[in-house]
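Below: the structure, in structure tokens.
The values are calculated or read from the model by the stated rules, or taken from the named source; none is laboratory data. Since we're looking at a predicted model, the values are computed, not measured. So basically every Cβ, Gly included, is an ideal-geometry build from the backbone, and we count neighbours across all protein chains shown. Each accessible area value is taken on the protein alone, full model and side chains, heavy atoms only, with ligands, DNA and RNA left out. Shrake-Rupley method; radii C 1.70, N 1.55, O 1.52, S 1.80 Å.
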Amino acid sequence: MLVFIIRRLNLFFFTMLLLTLLTFSLSFLFPGDPLVNLSGQINATPQQLEQLKLAYKSDQGIMQQYFAYLSHLAEGDLGLSMASQTQITSEIINLLPATIELSLIALMLAMFVGIPLGFIAAVNHRKTADNIILSVAMLGYSVPVFWLGLVAILVFSIQLGWFPSAGQLSLVYEIEHVTGIQFIDILLSDSVYKWQAFRDASAHIVLPACVVATAPATIFIRLARSSMLAVLETHYIKAARAKGLTFRQIIFRHAVRNSLLQIIRHIGLQFANLVTIAMITEVIFSWPGIGRWLIESIYQRDYTGIQSGLLVLSTFIFIVHIVTDFIYAALNPLAREHNHGTS
């Protein structure tokens with residue numbers, strides 16, 4: 001296990017090296033002065049420019065500039081936003097929790113809906129239920145997320161009036177920003193309207209979470225179905241049948257647990273896909289997350305914001321991959337390859 005952890009950490013540091021090289025090189029590829037693209041200070045005075053040259057070592061070689069850029073990243077200095085001239089670090093700290101909240105709830109929805117349906121399809125292999133579930137999964141995966149979001153707003157917000165169409169919480173509730181995750185902040189609040197605010201936040205997140213969860217849920221359906229079919233063909237399942245176990249006992253005692261192990265390793269990949277979908281959904285539902293902020297930075301040609309947003313989102317997604325690998329290796333020792341017997 002120790003060797004497995006060391007390998008994953010080495011992979012993490014190597015990936016971070018590539019990411020920082022990419023974001024650093026973007027400052028030279030974007031229009032304008034690379035120093036301004038890195039710092040975001042578009043209205044800097046000559047004295048400030050001299051200080052920036054010393055801080056980023058722009059008068060030295062490219063390697064010295066890169067290491068100076070890394071030192072700023074290590075200090076949490078991502079520069080100023082070209083659009084708002086505020087610290088990007090503070091903006092990301094305020095916006096990233098909302099994206100995490102939306103992505104996690106959508107991931108749970110996708111798993112709780114997609115995995116059971118995939119198992120049902122596998123148990124009813126080549127029957128009517130299997131064909132219906134696969135058809136729905138194919139349809140859900142093919143629908144564009146921006147079209148689905150607009151239709152959801154039109155039907156459930158405008159025509160039926162069941163859910164709000166935008167935002168994270170109604171303006172009538174004043175909840176102090178503590179963690180940035182709305183539900184946690186509401187529970188930590190001392191407001192007498194705490195539970196009303198909790199219900200309002202729940203109503204606000206239903207539509208965007210369902211829209212984000214649609215495509216990953218269809219993928220979980222296919223993953224769960226293929227995993228269950230593979231497990232049902234294994235020798236230990238055939239041995240369980242030979243012992244006289246009922247089909248229900250085989251499914252719930254053996255097949256489901258072993259099928260879930262194969263699905264866990266794909267959660268990290270689906271989370272990356274889910275965050276990408278969430279970026280578009282945040283724009284449609286005016287969700288105050290980092291995805292919406294990053295897309296607005298692209299429209300406003302905020303090059304410093306684009307570099308920083310790319311770095312932060314990529315790092316966050318890769319951390320989820322690493323954590324998923326650790327969980328899968330802890331649950332399945334065979335995933336540690338030949339080193340599991342020596343560590």
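I'd like to compare 263-272, 55-64, 93-102: which one has the highest average count of other Cβ atoms within 10 Å, and what's the full order after that?
Highest-to-lowest ranking by the protection proxy: 93-102, 263-272, 55-64.
Output the DSSP H helices from the chain with an along-axis C-alpha extent of no less than 20 Å and a mean Kyte-Doolittle hydropathy no less than -0.5.
Those that pass (Cα extent of 20 Å or more, hydropathy at least -0.5) are 2-29, 88-123, 128-142, 194-232, 267-284, 303-331.
Determine, for each peptide in 111-121, 41-51, 246-256, 71-81, the mean count of other beta carbons within 10 angstrom over its residues, then list the peptides with the highest first.
In decreasing order of mean packing, 111-121, 41-51, 246-256, 71-81 become 111-121, 71-81, 246-256, 41-51.
Remind me, what semi-axes does the chain give for its equivalent ellipsoid, largest first in whole Å, using sqrt of 5 times each Cα gyration tensor eigenvalue?
Semi-axis lengths for the chain are 42, 29, 18 Å.
Excluding ligands and nucleic acids, what accessible area in Å² is computed for residue 53 using a 1.4 Å probe, to the nearest 10?
The value for residue 53 is about 80 Å².
If packing is taken as the average number of other Cβ atoms within 10 Å across a peptide's residues, how do 212-218, 301-307 rank, most packed first?
Going from most to least packed, we get 212-218, 301-307.
Multiplying the sequence separation of residue 45 and residue 94 by 0.36 nm and subtracting their Cα-Cα distance, what value in nm do you get?
Stretched out fully, the residue 45 to residue 94 stretch lengthens by 14.7 nm.
State, to one decimal in nm, how far the label point of residue 241 lies from the label point of residue 9, with both points 7 Å from Cα in the Cβ direction.
4.6 nm
Taking a virtual spin label 7 Å from the Cα of residue 143 along the C-beta vector, which residues in region 250-292 bring their backbone nitrogen under 19 Å of it?
274-286
Residue 87 to residue 230: extension gain in nm, 0.36 nm per residue of separation minus the Cα-Cα distance?
Full-extension gain reported as 46.4 nm.
Applying 1/(1 + (r/R0)^6) with R0 = 30 Å to the Cβ-Cβ distance of residue 160 and residue 131, what FRET efficiency is obtained, to the nearest 0.05?
Calculated value: 0.50.
In a Debye calculation with equal point scatterers on the alpha-carbon sites of region 199-343 and no solvent, what is log10 I(q)/I(0) at q = 0.10, 0.18, 0.21 Å⁻¹?
Reported log10 I(q)/I(0), two decimals: -0.54, -1.09, -1.25.
Under the √(5λ) rule applied to the eigenvalues of the Cα gyration tensor, what semi-axes describe the equivalent ellipsoid of region 139-262? Give them in Å, descending.
42, 21, 12
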